[in-house]
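Beneath this line is the structure, given in structure tokens, with notes to follow.
The values are calculated or read from the model by the stated rules, or taken from the named source; none is laboratory data. Everything numeric here is computed off the predicted structure, so don't read it as measured data. Here the Cβ positions follow ideal geometry from the backbone for every residue, glycine too, while neighbour counts run over all protein chains shown. Ligands, DNA and RNA are stripped out before the accessible areas are found, and what is left, the full protein with its side chains, is counted by its heavy atoms. Shrake-Rupley method; radii C 1.70, N 1.55, O 1.52, S 1.80 Å.
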Amino acid sequence: MNLTQTLLENKAAAGDKIAVRYHLEDLSYFGLLQKTRAAAGVLGSLGISNGDRVALLLPKGLEFIELHLAVLALGAVVLPLNPGYRPEEIAYFLFDSETNLLITDQEKYDELKNALIGFPDVPVLSIDGECPNCLSYRRLLQQTATAADLPYPTREEDLALLCYTSGTTGRSKGAMITHGNLIHNLQALHQAWHWSEKDVLLHALPLFHIHGLVVALHGCLLAGGTLILLDRFDPQEVWKTIERESCTVFMGVPTMYQRLSQAWGGLSRKPELKSLRLFVSGSAPLSEVLFQRFREQTGHTILERYGMTEAGMIASNPFDPERRKAGSVGYPLAGVQIRIVDAAGRDVRSGEVGEVRIRGNTLFKGYWRQAEKTAEAFRDGWFKSGDLGYRDPGDGGRLFLVGRAKELIISGGLNVYPKEVENVLETREEVLEAAVYGRPDEDLGEKVLAAVVLRPGAVLTPEDCLAHCRRHLAPYKCPKKVTLLPALPRNAMGKIQKQHLPDGPSLPAGLNA
Ligand code: MCA
Ligand code: AMP
């Protein structure tokens with residue numbers, strides 16, 4: 001079982017059917033297979049084979065796709081990395097995963113190279129420039145024979161992706177996702193969302209997360225549809241492109257729908273949306289207000305679904321628009337089972353809130369070289385999602401998510417774990433302690449804020465704290481505001497009461513800076 005084989009092999013016969021349209025250039029399924037073979041030839045010549053980890057630290061584009069498919073076809077494991085990560089974050093991922101090859105571009109490599117000093121050498125393949133320490137992809141493409149046959153040496157349980165997710169302890173863990181996980185989940189989505197080769201997906205998500213990579217890119221390729229690849233999300237561009245390209249499917253995080261809705265209001269001529277059959281939202285809660293407003297504006301009912309890096313797509317609203325419900329993530333997808341349990345791990349009564357536990361063929365294999373963390377994440381074979389929800393007994397067990405047991409902020413569809421940001425703030429010697437927390441935000445869903453207590457006599461401004469975060473953390477993790485406080489509000493047990501931090505419901509007397 002091999003994902004690239006499942007996505008590409010039987011499509012190439014379709015010849016000139018367009019797989020990807022990027023910057024108005026078309027790449028057919030046959031062309032994509034050829035590019036994948038050529039990329040596999042290069043990677044094979046560098047010794048990449050079964051089980052090796054290959055990090056992709058690349059901008060969105062065709063090279064990302066062909067190299068991704070080639071790595072998988074060789075049985076190696078893709079480590080997708082956000083180019084927004086700071087050098088020290090990237091160095092950690094490369095070192096922890098014992099990456100065998102880093103594929104990046106010259107600009108990113110120049111930014112990164114100092115952070116790699118002191119780590120074991122990682123060979124670097126650059127997709128654009130040439131440098132003394134990098135291999136040149138373009139040159140190797142000219143010098144190397146195309147792989148005539150892709151080997152597809154994998155079985156269902158072999159790793160395809162290693163996706164780093166942070167956790168409450170602050171250090172990221174690599175979630176090991178297998179070819180079987182991805183293929184089973186894609187087949188379930190294919191049925192649930194009625195994918196077909198007539199689909200034209202407008203792709204405005206990043207490629208380094210499950211949403212943009214698996215649900216959107218792989219989903220469309222499995223169907224034999226056409227991807228219209230945008231470099232980045234821009235609401236005006238999305239509305240124009242849907243009409244120009246007669247797109248049938250769009251996928252986004254709630255922040256994107258918020259911005260699309262806002263942009264809609266300002267359009268003097270509303271775009272023609274009759275080709276569009278499906279707007280999907282996921283990665284963060286979609287508010288009921290936005291669900292309704294979008295429907296009133298566009299006549300389209302967004303389909304909300306629930307997913308997780310470790311478990312793939314877990315639940316989805318029904319395909320029938322009449323049965324999509326605001327505030328609900330629908331029903332478990334084929335191959336996925338869920339339970340709702342109390343703090344002791346016992347099933348709650350139907351309709352009661354508890355933690356969502358997940359089992360099924362889409363569940364990841366564990367955290368990379370972290371047997372203890374893997375064991376903690378499961379109970380009796382069920383994965384502890386850390387999400388809180390209930391099932392409505394009056395509506396066939398429909399799932400509603402109501403909050404999270406885990407300390408996680410989802411900002412614009414991206415996860416920020418407070419501990420990681422607090423750890424960075426606390427590396428400043430002036431900082432005694434820091435508390436990082438989320439607050440509702442109309443655009444981002446939740447925004448990251450920080451409260452900082454300085455050591456007696458220390459001098460540091462909120463701007464210094466922000467600049468420090470920017471040096472060490474990807475921009476989306478950086479607090480939108482830092483407040484200096486004389487002390488953090490704690491309860492009798494000494495636990496920080498984040499609800500009492502600034503910009504929240506209340507700040508107890510005496511804690512104003
Ligand atoms: C950008 N900025 C952000 C975020 N994105 N701040 C907080 N949270 C964010 N998510 C900041 C930048 O640091 C910058 O600030 C300023 O906004 C503008 O940056 P720009 O790159 O222009 O941002 P944008 O293009 O407006 O991006 C917003 C976005 C993006 C399109 C919503 O964040 C995005 O693509 N989010 C989707 C992520 C995603 O794919 N999530 C799925 C993972 P400054 O100027 O101060 O530096 S979850 C998943 O895969 C699971 C399995 C699932 O269920 O789907
Ligand atoms: P990640 O670790 O990036 O895969 O993010 C997974 C988390 O995103 C889940 O555990 C949920 O907390 C959240 N999530 C994903 N989809 C939804 C949704 N439709 N509604 C609410 N939360 C969601």
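Listed values, structure above:
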| read-out | value |
| --- | --- |
| Only one of Leu161, Leu141 that is touching a residue at least 60 places away in the same chain (Cβ under 8 Å) and part of a strand (DSSP E or B) | Leu161 |
| Residue within the stretch 301-313 that is away from ligand 2 (no atom under 12 Å from the Cβ), buried (at least 18 other Cβ atoms within 10 Å of the Cβ) and over 18 Å from the mean Cα position of the chain (by Cα) present | yes |
| Subset tally (residues that are farther than 20 Å from Ala284 by Cβ, in contact with a Gly (Cβ under 6 Å, 6 or more places away or on another chain) and either near ligand 1 (Cβ under 8 Å from one of its atoms) or hydroxyl-bearing (Ser, Thr, Tyr) (or both)) for the stretch 195-217 | 0 |
| Residue match in the stretch 324-333 (condition: modelled with pLDDT of 95 or more, of a type in the set (Phe, Trp, Tyr) and either open to solvent by less than 10 Å² (accessible area, probe 1.4 Å) or farther than 20 Å from Asp392 by Cβ (or both)) | no |
| Only one of Pro254, Pro285 that is open to solvent by 60 Å² or more (accessible area, probe 1.4 Å) and out of contact with any helix residue (DSSP H, G or I) (no Cβ under 6 Å at 6 or more places or on another chain) | Pro285 |
| Criterion (in a helix (DSSP H, G or I) and within 15 Å of ligand 2 (Cβ to nearest atom)) met by exactly one of Glu376, Glu446, Glu407, Glu420 | Glu420 |
| Subset of the stretch 190-213 (residues that are within 14 Å of ligand 2 (Cβ to nearest atom) and either assigned to a loop (DSSP other than H, G, I, E, B) or open to solvent by less than 10 Å² (accessible area, probe 1.4 Å) (or both)) | Leu205, Pro206, Phe208, His209, Gly212, Leu213 |
| Candidate set: the stretch 266-282, residues that are away from ligand 1 (no atom under 15 Å from the Cβ), under 29 Å from Leu182 (Cα atoms) and not charged (D, E, K, R); chosen: the one most open to solvent (accessible area, probe 1.4 Å) | Ser275 |
| Elements of type strands (runs of 3 or more DSSP E) in the stretch 225-305, at least 2 residues being touching a strand residue (DSSP E or B) at 6+ places or on another chain (Cβ under 7 Å) and closer than 23 Å to Leu24 by Cβ | 226-229, 249-252 |
| Among the residues listed as Val54, Val122, Val78, Val42, the single one being part of a loop (DSSP other than H, G, I, E, B), open to solvent by less than 60 Å² (accessible area, probe 1.4 Å) and in contact with a helix residue (DSSP H, G or I) (Cβ under 6 Å, 6 or more places away or on another chain) | Val122 |
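One line per residue, one yes/no per condition, for (1) among the hydrophobic types (A, V, I, L, M, F, W, C); (2) over 20 Å from the mean Cα position of the chain (by Cα); (3) within 14 Å of ligand 1 (Cβ to nearest atom):
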{"site": "Leu425", "(1), (2), (3)": "yes, yes, no"}
{"site": "Glu429", "(1), (2), (3)": "no, yes, no"}
{"site": "Glu433", "(1), (2), (3)": "no, yes, no"}
{"site": "Gly445", "(1), (2), (3)": "no, no, yes"}
{"site": "Val453", "(1), (2), (3)": "yes, yes, no"}
{"site": "Gly457", "(1), (2), (3)": "no, yes, no"}
